[in-house]
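Here the structure is laid out as structure tokens; the discussion comes afterwards.
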Amino acid sequence: MKLQFACLAMTMVLASSFANAAAPKPAAKAGASEASTGPAVAKVNNVAIPTAFAELLMNDQIAQGAPNNEDLRKATRDELIRRELLAQEAKKSGLDRRADVVARIELARQGILLGAYVNEWSKSHPVTEDKIRAEYDRRVGLMSGTEYHISQIQTDKIEDAQAVITKLQNGAKFADLAKDVSVDAGSKENGGEMGWFTPQVLPKTIGDAITKLEKGKFTTVPVQSQYGYHVILVQDTRQATPPKYEDQKENLRQALAQQALVQYTDELIKKAKIE
């Protein structure tokens, strides 16, 4: 059974720990306390590999959809043996004493510790249903009215945007020009295609510009924003239809939880003595 094991220090960093606050499925029938105090998974050159290591790796794989069976247990044991052998060779070569390696180990330890803390903090500060509903209503309010299907050609200089407008007025195709001259990497390869937007979620100058355009028309004066100069094409319009609450609920919960964590961290920074 071939499995891809991610480094524990990476799988338990802050972001993933926060997003996966729910406890993992048990890796074996025995309780965690029983397994942790049981015999070592293996001994490699007289070095015992704790059962707890196997539990952590198995829980990680089970959380990703791997079946909890004998194949997984064997693959986990084999992986831990390989890791221990390589770790022993690394120590023999003195890598565990090299300054940059020691620093990385400490950063990994810190990441695991703060990831565990964030998990506990998020459990004690859950996002309420009322807050999720209020955020949903706020976002729906921004979507009210008309949605615009837009494409854009973005330039760094106003002269370049003016040249684009002249070419469009002379019959050039919008998509071709976008691929040739647009500096916006996100839309350039798609011929300037941006998707559907309500004016309220766009930079104000762009939002104001599209509301004045008829379907199939483009701006005849460059639109300036903090990103540069834009030539905007309105491909189509439709009445904005908000997504269903249940479809957005989990994404909103995560966004609000992250927002609460940032606010908490900001409070800690204000109270801390930082020199």
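The values are calculated or read from the model by the stated rules, or taken from the named source; none is laboratory data. What you are looking at is a predicted structure, and each value in this text was computed from that prediction instead of being measured. Cβ atoms come from the backbone with ideal geometry, glycine included; neighbour counts cover every protein chain shown.
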What are the pairs, 6+ residues apart or on separate chains, where a residue within segment 197-221 that is assigned by TED's automatic domain parsing to the domain that holds residue 167 has its Cβ under 6 Å from a residue that is in a loop (DSSP other than H, G, I, E, B)? 198/240; 209/219
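Does residue 139 satisfy being within 24 Å of the chain's Cα centre (by Cα) and at pLDDT 95 or above? Outline the logic, then answer.
Numbers: within 24 Å of the chain's Cα centre (by Cα): yes; at pLDDT 95 or above: no.
Judged against the criteria, residue 139 is not a match.
Would you check if residue 249 is charged (D, E, K, R) and over 25 Å from residue 138 (Cβ atoms)? Show your work before the answer.
Details: charged (D, E, K, R): yes; over 25 Å from residue 138 (Cβ atoms): no.
Against the criterion (charged (D, E, K, R) and over 25 Å from residue 138 (Cβ atoms)), residue 249 does not qualify.
Out of the residues in segment 197-228 that are part of a strand (DSSP E or B) and of a type in the set (A, V, I, L, M, F, W, C), which is surrounded by the fewest Cβ atoms within 10 Å (Cβ to Cβ)?
The qualifying residue surrounded by the fewest Cβ atoms within 10 Å (Cβ to Cβ) is 197.
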Residue 77 versus (1) in contact (Cβ under 8 Å) with a residue 24 or more places away in the chain; (2) out of contact with any strand residue (DSSP E or B) (no Cβ under 8 Å at 6 or more places or on another chain); (3) not hydrophobic (A, V, I, L, M, F, W, C): which is the lone unmet condition? (2)
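Residues to consider are 163, 134, 172; find the one that is outside any helix (DSSP H, G or I), more than 27 Å from residue 42 (Cβ to Cβ), of a type in the set (A, V, I, L, M, F, W, C) and out of contact with any helix residue (DSSP H, G or I) (no Cβ under 7 Å at 6 or more places or on another chain). Spell out how you get there, then give the answer.
Details: 163 fails: outside any helix (DSSP H, G or I); 134 fails: outside any helix (DSSP H, G or I).
After applying the criteria, what remains is 172.
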Flag for residue 132 being surrounded by 16 or more Cβ atoms within 10 Å (Cβ to Cβ), under 30 Å from residue 240 (Cα atoms) and in contact with a Gly (Cβ under 9 Å, 6 or more places away or on another chain): no
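Condition check ((1) charged (D, E, K, R); (2) in contact with a helix residue (DSSP H, G or I) (Cβ under 6 Å, 6 or more places away or on another chain); (3) part of a loop (DSSP other than H, G, I, E, B)) across all residues:
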site	(1), (2), (3)
65	no, no, yes
71	yes, no, no
75	no, no, no
81	no, no, no
84	yes, no, no
88	no, no, no
Identity of the residue in segment 54-93, buried (at least 19 other Cβ atoms within 10 Å of the Cβ) and closer than 14 Å to residue 40 by Cα, that ends up farthest from the chain's Cα centre (by Cα): 84
Going through segment 229-242 in order, the residues found to be more than 23 Å from residue 141 (Cβ to Cβ) and either outside any strand (DSSP E or B) or polar (S, T, N, Q) (or both) are 235
Among the numbered conditions (1) over 30 Å from residue 234 (Cβ atoms); (2) of a type in the set (S, T, N, Q); (3) out of contact with any Ser or Thr (no Cβ under 9 Å at 6 or more places or on another chain), tell me where residue 166 comes up short. (1)
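Among the residues of segment 156-185, write down those that are closer than 16 Å to residue 222 by Cα and either in contact with a His (Cβ under 8 Å, 6 or more places away or on another chain) or at pLDDT below 95 (or both).
Step one: list which residues in segment 156-185 are closer than 16 Å to residue 222 by Cα, which gives 156-169, 174, 177-178, 181-184.
Across segment 156-185, the qualifying residue is only 161.
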